[in-house]
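Chemist: Sharing a structure below in structure tokens format, with a few things to ask.
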Amino acid sequence: MNGLPLNLRLRRAMLIALLLGLWAPVKIVWEQQIAREQDNLRYHGLVMNRQMRDELGQGLTIGILSGMRSVVADFIWLEVTTAWENQEWFRMGGLVNLCTSLQPRAPVFWDMGGWQLAWNASVGAERDVTQPNELRRLKAARFWIDKGLDVYKRGIENNPEYWRLWSDTGLLYQQRLKDYKNAAYYYQRASELPNAPVYLERFPAIMYGLAGDDQGAYEAWRALWEKLTPAQREMKEHWKEKIESNIRRLEQKLSVPKEKRVFPN
Amino acid sequence: METSTVAAPPLAVETIGLTKRYPLTWKRKVLVALDGLNLQVKQGEVFGLLGPNGSGKSTTLKLLLGLIVATEGEARVFGLPPESLEARRRVGFLPENPYFYAFLNGDETLRFYGKLCGVTGDKLDKRIEELIDLVGLQNGRERPLRSYSKGMLQRIGLAQALIHDPDLLFLDEPTAGVDPLGSAQIRDLILKLKKMGKTVVFSSHLLEQVQEVADRVAIFSLGKKVLEGSLESLLTENQSTQVLIPAEMNPEQQERLRKFIGQTGVNESEIRFTRPHLSLEQLYLRTVQAQPDFVSKDSPRP
Amino acid sequence: MISSLHRILIIARNTLTEAVRQKVLNVLLIFGLVLICSSVTVSQLATPDIDAAGLFSEQIKFVKDFGCGAIGLFGFFIALLSTALLIPQELDKRTIYTILAKPVRRAEFLLGKFVGVVLLLALSVALMSLAFAATLYWQESVGLAAVEANYAQMDLKHTPTAQSMHDHDAAQIIKQVRDPQLVEAVLLIFAKIVMTAAIGLLISTFATSWIFTIITTFMIYLIGHGESLARTFWLSHGAETTIWQSGLIGLIALLIPDMNSFTIVDEILAGNRVPWHDVLNLLCYANVYVIVLLAVSVVIFDYREI
């Protein structure tokens, strides 16, 4: 029961209005500043559209609305695994897209999603005995490889600083598409990123070699050699002997003039 | 008497035209919980607020504690506004049917309230010992309050109200729901407090107990004070005199006595002979306390 | 001032004691701990053994998401329940009368209660974080064992590339598990829970039933995740809508806290770098918001008829 006299009620209302009135503009400005800061981190949050809402259903939508986005994405990811085990490739593709839209800055979804499509789905299509002929099987395989490549590339767009997406794209070009030039490009980019494993630095040169481009391979090995400081050359992981022997071999093969050789003797 | 200005010492409690109204929005009516109360309680008095449920006793106490705000009028406690910390430093309160924190034991409860009032260290330890002794809760110190009986709860309630040694105590229905033995103990406590010089204002609807402890009472009805005065003046029947003779008398003896009194000019036919009754409470207390193994101890609540 | 602080702390301690001795919250906490530890099993469901490094970043993401999700969820429940019951319980048992009849200001009582809840939440989050750390550590040892198994057949000593791959895989797992940014994540989750508690406290200062408090607080929490949308819309399209629409959206933008900015925790868990500067900014925002909520609560409670 409230029997507070009217004048006190008015005073209370005015005090509350004053507090909130002072705070509200500060709040809005501050929140806008936080939003800008998060945009600068390339973190754009999530804008739900109707299609996504339909795909998620009511329960998961509420989960996302209450700030449990990554957990929801993880649960959907479990479905990706199930779809893979059941060889439901189109369903798997849709789920991968959903996960990556939910968490575009979670590289593992792009990474694993691209791999699922470009490798597992495409190999599955190659072995699909329900297809009447080899041509259709290859066509289907190529379809999934392109899908996976697309996932990798969109992943790179969203997470350009994550080396693994670059190197996995390189791997896909190298092993599934036999496109060594592109593979060399992606390995090169991967090796330049922070946290990338050292061994990637040798991959571009090896790719040129696989492409039969001796000149390109030579230039790549040479560039690597020149990039390394004398101290680095002595470190085991840079594998000096391998670089040196390749340069020597290619200098012989391309008959580079002695004065221009790295190893003239 | 009600408008007398007291220079020193200030009154323990003074209200002037104290009124509390609650608007009942949906019924477009106003509930008058307390209507223009003028009340004065002197220091050292035991003052009883009497009246049926909903007559304004609790509202008065809440207003005197600053828990609610008066619609009109004014209340003063030792000349101070009741919501001021200074006033509350001198006031102790036992609410109606208190439960307290069931998860604390008796000791912890008193310690909590003591610290809250700024009593600390050795002083607090000593105070707790005193109070436990005063209210007779030696067996409740280590027990959580959830296992306390009603009477024990009231007594720990009294102890917490006294923890900061206040000069004025407000007790809201201190004996409600307590068995006769327990309520007799509480009554004795109030008398002890009076001897210590405390002012006690309490509300009750159990009239017999009020009669035994209160110096003055005010009777409330429907938010209004309808009667006030000392018990002595309110309860004496001036038209008759009682003589108590601690012996049984046979009819013949009675007749002789009647005649003897008749000689003083009293109309003989109006003299009646009866035997005084024990009150049921007195009987109960005598019986229970006469048990050989009786110690003042409470059984836990079921 | 000092005695005021003293009284706040006494009430806070009492509130914490009450909460700890109450079984409901303990049961909730235990559920939270169990859920965090069981995230390991869920993460095992994710993908059967395929590729060591890929597999483990996926599983580690799971454990992190579930762990932090559980801390957030159970912290939220504990915050909601403990604040919603705070004042109704006091009124019910009439203990509030005994305290407010003592030389204690109402603001001190309310702040003491809130500090008690914050201590309780800190304790719960700390315990759940410990369980989370233990779970992560376990996941790390499983991952490292799998890496060892993966390279067992290779002669690492004589193949520098394999050796380098092995070391890199192991380092990646350790790096993901022992991510110092997880401290940021836990702090942000804690700030969000404390904000929820402050909202609950504010509602409970005028609510007449605890169910109302719980439902309203929950609604504000949900709407808070959409506040950023309301704000951007209101700031950019305010004039194009009817008065009612823009009034309602504006009210959300002006009054409801932005809960969505705390989902930056997801970024941290996904392994993206979030600088301390931004985290501190967000923590400050939460802090100031809590102070404003408390100020409003004190005003309402000061005038409340008890």
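Laboratory data are not the source of any read-out in this text; all were calculated from the coordinates shown. It should be emphasised that the depicted structure is a prediction, and the values quoted were computed from it without experimental measurement. Don't worry about glycine lacking a Cβ; one is built from the backbone with ideal geometry, like all the others, and counts go over all protein chains shown.
Chemist: Loop-only check: which GluC sites (Glu not before Pro) in region A:96-169 are DSSP coil with at most 14 other Cβ within 10 angstrom? Working shown, then result.
Modeler: Details: sites: A:Glu126, A:Glu134, A:Glu157, A:Glu161; in loops: A:Glu161.
Hits after loop and neighbour filter: A:Glu161.
Chemist: Another question, then. Compute the distance in nm between two label points, each set 7 Å from the Cα along the Cα-to-Cβ direction, one at A:Asp150 and one at B:Asn97.
Modeler: For the pair A:Asp150/B:Asn97, the computed spacing is 7.1 nm.
Chemist: Please report, in whole Å, how far the alpha carbons of region B:1-117 spread along each principal axis, starting with the longest.
Modeler: Over region B:1-117, Cα extents along the principal axes are 46, 44, 25 Å.
Chemist: Averaged across C:250-258, how many Cβ atoms of other chains sit within 10 Å of each residue's Cβ atom? It would help to have the intermediate numbers written out before the result.
Modeler: Details: counts 2, 1, 0, 4, 7, 4, 1, 2, 7.
The mean count of partner-chain Cβ atoms within 10 Å per residue comes to 3.
Chemist: Show the residues, 5+ positions off or on another chain, whose built amide H is closer than 5 Å to the amide H of B:Val13.
Modeler: Excluding prolines and chain starts, which carry no amide H, the hits are B:Val41, B:Phe78.
Chemist: Ranking request for peptides C:179-189, A:29-39, A:103-113: highest mean number of other beta-carbon atoms within 10 Å first, then the rest in descending order. Walk me through the numbers before you get to the answer.
Modeler: Numbers: C:179-189: 19.0, A:29-39: 16.1, A:103-113: 25.5.
My ranking of the peptides, most packed first, is A:103-113, C:179-189, A:29-39.
Chemist: Here is a further query. Averaged across C:109-118, how many Cβ atoms of other chains sit within 10 Å of each residue's Cβ atom?
Modeler: On the way: counts 1, 0, 0, 1, 0, 0, 0, 0, 0, 0.
Across the residues of C:109-118, the mean count of other-chain Cβ atoms within 10 Å is 0.
Chemist: While we're here: Using alpha carbons only, how many angstrom separate the centre of region A:1-35 from the centre of region B:213-290?
Modeler: Computed from Cα coordinates, the inter-centre distance equals 65 Å.
Chemist: As an exercise, use a Förster radius of 30 Å and the Cβ-Cβ distance of C:Leu251 and B:Val69 to find the FRET efficiency, rounded to the nearest 0.05. Before the final figure, lay out each step's value.
Modeler: Details: r = 30 Å, r/R0 = 1.01.
Efficiency, from the Cβ-Cβ distance: 0.50.
Chemist: Could you give the nm distance between label points at C:Glu305 and A:Glu259, where each point is 7 Å from its Cα heading toward the beta carbon?
Modeler: 10.6
Chemist: May I pose another question? In deg cm²/dmol and to the nearest 500, what is the mean residue ellipticity at 222 nm of chain B if only DSSP H runs of at least 4 residues count, each as -39500 (n - 2.57), divided by the residue total? Walk me through the numbers on the way to the answer.
Modeler: Working: 10 runs with 102 residues, N = 302.
So the helix-based figure for chain B works out to -10000 deg cm²/dmol.
Chemist: If the cut-off is 30 Å between C-alpha atoms, which lysines fall inside it for A:Lys240, apart from same-chain ones fewer than 8 positions away?
Modeler: Hits, sequence-local ones excluded: A:Lys178, A:Lys181, A:Lys227, A:Lys253, A:Lys258, A:Lys260, C:Lys157, C:Lys175.
Chemist: Calculate the spin-label point distance for C:Ile291 paired with A:Glu88, positioning each point 7 Å from the Cα along the beta-carbon direction, and give it in nanometres.
Modeler: Those two pseudo-labels are separated by 5.4 nm.
Chemist: Distance from a point 7 Å along Cα→Cβ of A:Met235 to each backbone N in region A:158-198: keep the residues under 14 Å and list them by number.
Modeler: Under cut-off, by backbone N: A:192-198.
Chemist: Find the Rg to Rh ratio for region A:51-160, where Rh is the Kirkwood radius over alpha-carbon pairs and Rg uses the same atoms.
Modeler: 1.03
Chemist: Still on this model: Roughly how many Å is it from the Cα centre of region C:200-250 to that of region C:82-119, as a whole number?
Modeler: Region C:200-250 and region C:82-119 have Cα centres separated by 27 Å.
Chemist: Next up: Per DSSP helix of 4 or more residues, -39500 (n - 2.57); summed, then divided by the residues of chain A. What does that give at 222 nm, rounded to the nearest 500?
Modeler: Values: 13 runs with 187 residues, N = 265.
The helix-only estimate for chain A comes to -23000 deg cm²/dmol at 222 nm.
Chemist: Tell me which GluC sites (Glu not before Pro) from region B:216-288 have a DSSP coil assignment and no more than 16 other beta carbons within 10 Å of their own. Provide the component values of the computation, followed by the final result.
Modeler: Numbers: sites: B:Glu228, B:Glu232, B:Glu237, B:Glu248, B:Glu252, B:Glu255, B:Glu268, B:Glu270, B:Glu281; in loops: B:Glu237, B:Glu248.
Passing both the DSSP loop test and the Cβ count: B:Glu237, B:Glu248.
Chemist: Output the direction-averaged projected area (hull surface divided by four) of the convex hull of the alpha-carbon atoms of the protein assembly as shown, in nm². List each step's numbers first, then the result.
Modeler: Numbers: hull surface 234.4 nm².
Mean shadow area of the hull around the Cα atoms is 58.6 nm².
Chemist: Report the longest stretch of chain B that contains none of the trypsin sites (Lys or Arg not before Pro) sitting in a DSSP loop with at most 13 other Cβ atoms within 10 Å.
Modeler: Details: sites that count: B:Arg28, B:Arg272, B:Lys297.
The longest such stretch corresponds to B:29-271.
Chemist: I'd like the Kirkwood hydrodynamic radius of chain C, using the inverse of the mean 1/r over distinct C-alpha pairs, in Å. Provide the component values of the computation, followed by the final result.
Modeler: Numbers: mean 1/r = 0.0459 Å⁻¹.
Over chain C, the inverse of the mean reciprocal pair distance is 21.8 Å.
Chemist: How high is the FRET efficiency from C:Gln22 to C:Gln153, r the C-beta distance, R0 51 Å, rounded to 0.05?
Modeler: Details: r = 57 Å, r/R0 = 1.11.
Given R0 = 51 Å and the Cβ-Cβ separation, E is 0.35.
Chemist: Other chains' Cβ within 10 Å of C:225-234 residues: what's the mean? Display every interim value, and only then the final one.
Modeler: Details: counts 7, 2, 2, 6, 3, 0, 5, 3, 0, 1.
Partner-chain Cβ atoms within 10 Å, mean over residues of C:225-234: 3.
Chemist: Kyte-Doolittle mean at least 0.5 and Cα extent at least 18 Å along the axis: which DSSP H helices of chain C qualify? Don't skip to the answer; put the middle values down first.
Modeler: Working: long enough: C:2-21 (28 Å, 0.53); C:23-46 (34 Å, 1.90); C:52-92 (58 Å, 1.03); C:106-150 (65 Å, 1.27); C:160-177 (26 Å, -0.58); C:181-206 (39 Å, 1.95); C:210-237 (38 Å, 0.83); C:276-302 (38 Å, 1.66).
Helices meeting the span and hydropathy rule in chain C are C:2-21, C:23-46, C:52-92, C:106-150, C:181-206, C:210-237, C:276-302.
Chemist: With chain C treated as a Gaussian network of Cα nodes joined by springs under 10 Å, which of C:Ile71, C:Ile11, C:Ile211 yields the largest mean-square fluctuation?
Modeler: C:Ile211
Chemist: Which FRET efficiency, nearest 0.05, do A:Lys227 and A:Glu134 yield, Cβ-Cβ r, R0 45 Å?
Modeler: Working: r = 45 Å, r/R0 = 1.00.
Once rounded, the FRET efficiency stands at 0.50.
Chemist: If you take the C-alpha gyration tensor of region B:181-302, multiply each eigenvalue by 5 and take the square root, what semi-axes do you get, largest first, in whole Å? Each step should come with its number before you reach the end.
Modeler: Numbers: eigenvalues 260, 126, 32 Å².
Taking √(5λ) for each Cα gyration eigenvalue gives 36, 25, 13 Å.
Chemist: May I have the extent of the alpha carbons of region C:172-218 along their three principal axes, as whole Å values ordered from largest to smallest?
Modeler: The Cα atoms of region C:172-218 stretch 54, 13, 9 Å along their principal axes.
Chemist: Based on alpha-carbon atoms only, what is the radius of gyration of chain B relative to the globular estimate 2.2 N^0.38 Å? Numbers along the way, then the final one.
Modeler: Working: Rg = 23.0 Å, N = 302, 2.2 N^0.38 = 19.3 Å.
Expressed relative to 2.2 N^0.38 Å, the Cα Rg reads 1.19.
Chemist: Give me the net charge of B:Leu231's neighbourhood, meaning all other residues with Cβ under 9 Å from the Cβ of B:Leu231; Lys, Arg count +1, Asp, Glu -1. Don't skip to the end; give the middle numbers.
Modeler: Details: positive: B:Arg216; negative: B:Asp215, B:Glu232.
Combined, the nearby Lys, Arg, Asp and Glu give -1.
Chemist: Separate question: Go ahead and set up a Gaussian network model of chain C, Cα springs under 10 Å, then flag whichever of C:Ile78, C:Ile220, C:Ile99 fluctuates most.
Modeler: Answer for the Gaussian network model of chain C: C:Ile99.
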